[in-house]
Each structure stands twice: as C-alpha cells, then as structure tokens.
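Please treat every number below as a calculation from the coordinates, not as lab data. Fair warning: this is a prediction, and the values are worked out from it, not measured in the lab. Counting neighbours? That spans all protein chains shown, and the Cβs are built from the backbone with ideal geometry, glycine included.
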Amino acid sequence: MRAPDHPILSKGDVLLAVENVSLGFGGVKALTDVSFDIRKSEIRAIIGPNGAGKTSMLNCINGFYYPTQGQITFKGVKRPKMRPFEAARGGIARTFQNVALFKSMSTLDNIMAGRSIRMRSNFFWQLFRHGPALKEEVEHRRFVEEIIDFLEIQHIRKTPVGRLPYGLQKRVELGRALAMEPDLLLLDEPMAGMNLEEKEDMSRFILEVNQQYGTTIALIEHDMGVVMDLSDRVVVLEYGRKIADGTPDEVKRDQRVIDAYLGVAH
Ligand SMILES: Nc1ncnc2c1ncn2[C@@H]1O[C@H](COP(=O)(O)OP(=O)(O)OP(=O)(O)O)[C@@H](O)[C@H]1O
C-alpha cells in the first residue's frame, strides 16, 4: 500500500468540494454555479436527465476540463489547472461511459497499465527490467493479481479485452482504475449496456470496493434502482444546475426531482 501524500482524512471528512462551478462551451452553458461535496468513504451519485451536465462535472473533477468559474478543492487543496494524468497521479481514477481500454492487450496488461502510474523507477530501469525496476514490478504484479482475484476475472487474465463481452470489459476497466489505488474513484455509467446479472455483479463489486477498501466513489448512473441501493447521497442536476442534494430517500421525495427526472420511467 502506498503512503498517503496528504493529511489523513477520516471517514466523513470532505474529500472533494465543488464550489460555484460553471462551465461553458461557447454559447452553451454545461454547468451553472454548482456546489456540492464528496465525503471520504461515501458513495455519491450524480443523476439527472440527458444533457444535465453530469459528464461535464466528472470531466471538471478529473482535470479534463477546467471550470470557467468557481473552484474545486481536493484533499484540502484548491486544484490548479491540471491534466487528467496529473489528477490520476493525485489520486483520482476514472472509468468511462464507453469503455476505454487497450483492446488488443490482455486483461492483465490493461490492469498493469493502470498500475504504472504508481511505479517509481524510471524508464531506463523499466526498459531493462533490472535493478530497482524488477523488484518494483514484482510488487506491483502482486497487487494487480489481488485485484484480479477480487474481481473474479482470473479466467480471462490472458484474454485480449476486445474479445470479451461488454460486461466483463467494464469489470476490467474497473480493475484498471483500482490498480491506481485511488482516493476518489469516478464511475461514468458503470451499468450502461449491461444485462440484469451483469448489473448485479457490478453493484456487488462497487459496494465491496467501498466497504473493504474504504474507497470514496462518485458515480453517474441512469438506473435508479442501482442509484438508490448503492448511494449514501445523491446530487441531482438539471440543465447544468443543481436542483437537489440529499439521501436517496430525500431525493426520491423531492417534487422538483420527480418533475424533472424521476417522473420519467428509468
Ligand atoms: N465538448 C463539448 N462541446 C460543446 N458542448 C458540450 C461539450 N460537452 C458537453 N456539452 C454540452 O453540455 C451540456 C451537458 O452535457 P453533458 O454530457 O455533461 O450531460 P450529461 O448529463 O452527462 O448527459 P448524458 O446523460 O446524456 O450523458 C449538453 O448541452 C452538451 O451538449
């Protein structure tokens, strides 16, 4: 396990704070004055109708976009403008709406690629798999094997991921994000395109990651059954603005949320 590079936060402390964030693309306002926080070790859902700004928000959190206005504070530090790999190095991992893996590479190599962000030895040593790099690689390999066991994907460890069914690809992508040992795991529609059994498996893994490792998770999801079962708190966006924020029960009863989103079958 890596040593923490920040003051140790306890369960329930604010891990990430979004304050008055706005984001514009030319004339289009994707986000307007949105504030909410994500607390350590919780599962936080971001929901709302299509085009509400959910993915834009995730993109601001992982450094893909920089807010036009407002600020994001992570582990107590105001976030400077940064690129996604810098956010990843800082402890934010992400999966995508449409799986983003190296399709011709095996499950093992894809997860190992996620792990490379935690490797310290320089490129020279890695190239020759010698000296410090060899010792380090053995340790990282052990960690990756733990993830493979945890996600129950031993049987596909050598299979090129492009050949796997969609549900398993999503599981490998989760494995790659976990290999980064993130402080904050962002999941963009982790159940999209899955059948019922795959959804149940994915829900179980998300809960286990949260409970066994205490990993803080923020997820975007359209399946309301999943959202209400998994999340501790839910933030609701509509037309780029926050319209509600609370526990699943509070949000379910909120008339604005019912009118904007839940009234429509999901
Ligand atoms: N790169 C971009 N350039 C221009 N407009 C964008 C861009 N990205 C998002 N938008 C616009 O910003 C708004 C919010 O989009 P976003 O994808 O964040 O919504 P969403 O809630 O994630 O939707 P969905 O549930 O359909 O994925 C939309 O009007 C969208 O068209």
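The table below gives the values:
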{"quantity": "Point-to-point label distance, residue 89-residue 228, nm (Cα→Cβ direction, 7 Å offset)", "calculated": "4.4 nm"}
{"quantity": "Taking 220, 47, 258 and counting other C-beta atoms within 10 Å, the order from fewest to most", "calculated": "258, 220, 47"}
{"quantity": "Acute angle (nearest 10 degrees) that the helix 166-179 long axis makes with the longest principal axis of the chain, alpha-carbon atoms", "calculated": "70 degrees"}
{"quantity": "Proxy reagent accessibility, fewest Cβ within 10 Å first, across 104, 56, 41", "calculated": "104, 41, 56"}
{"quantity": "Stretchable slack from residue 141 to residue 97, in nm (0.36 nm times residue separation minus alpha-carbon distance)", "calculated": "13.1 nm"}
{"quantity": "Gain in span if fully extended, residue 256 to residue 195, counting 0.36 nm per residue against the direct Cα distance", "calculated": "19.0 nm"}
{"quantity": "Ranking of 21, 172, 138, 209 by count of other Cβ atoms within 10 Å, fewest first", "calculated": "138, 209, 21, 172"}
{"quantity": "Aspartates and glutamates whose Cα lies under 14 Å from that of residue 252, excluding same-chain neighbours fewer than 8 positions away", "calculated": "223, 229, 232"}
{"quantity": "Residues of region 233-266 with amide N under 15 Å of a point placed 7 Å along Cα→Cβ from residue 33", "calculated": "238-244"}
{"quantity": "Förster radius 30 Å - calculated FRET efficiency between residue 11 and residue 77, Cβ distance, rounded to 0.05", "calculated": "0.90"}
{"quantity": "Over 27 Å between alpha carbons, listed pairs 170/242; 81/170; 29/170; 81/199; 54/78", "calculated": "170/242; 81/170; 29/170; 81/199"}
{"quantity": "Dimensionless Rg over Rh [the chain; C-alpha; Kirkwood]", "calculated": "0.97"}
